[in-house]
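S.K.: Sharing a structure with you now.
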Amino acid sequence: SDKHFHYRIHDLRASFGMNATERLMGLVQKGTITLSRARIIVKDLLWHESFVTTDLYLNYHGQMDTIYQAINDYGKQLQEWVEQAMNGMDVADE
């Protein structure tokens, strides 16, 4: 076991909140419940005083998707530059 691994009760609560959010967002996508209803359920489940905190959970995946897309796009651009540089070197070597 990793003696440097630490968790707090809040970590378990946050995991529960993210799992509940994922399930509820699936229901929203299916049209079973509204986004407004999902927002209220998450707020109530986690006992948030403000929707500001709840919205962080609801927006998390969208933010992560945007971040991953930016990373992937940057990686593709780097790969393109590397290939262009390698092709330029091949032409110069001939």
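We did not get these values from a lab; they are worked out from the coordinates using the rules stated. Since the structure is predicted, the reported quantities are computational estimates derived from the model, not experimental observations. For neighbour counting, all protein chains shown are included, and Cβ atoms are generated from backbone atoms with ideal geometry for every residue, glycine included.
S.K.: Hey, fewest Cβ within 10 Å first, where do H4, H10 land in order?
M.R.: H4, H10
S.K.: Which ³J(HN,Hα) values in Hz, rounded to whole numbers, follow from the phi angles of region 31-36 under the Karplus curve 6.51 cos²θ - 1.76 cosθ + 1.60, where θ = phi - 60° and Gly and Pro get x?
M.R.: The phi angles translate into x, 6, 9, 8, 4, 4 Hz.
S.K.: I would also like to ask the following. Roughly how tilted is helix 9-30, in degrees to the nearest 10 and between 0 and 90, from the longest Cα axis of the chain?
M.R.: For helix 9-30, the angle is close to 80 degrees.
S.K.: Work out how much length N87 to H10 would gain on full extension: take 0.36 nm times their residue separation and subtract the Cα-Cα distance, in nm to one decimal.
M.R.: 22.5 nm
S.K.: Taking the alpha-carbon distance from K30 and a cut-off under 30 Å, which lysines remain once sequence neighbours fewer than 8 residues away in the same chain are dropped?
M.R.: Answer for K30, where 30 Å is the Cα cut-off: K43, listed by chain and number.
S.K.: May I pose another question? Once the mean 1/r over all distinct Cα pairs of the chain is inverted, what Kirkwood radius in angstroms do you read off?
M.R.: Evaluated on the chain, it is 16.9 Å.
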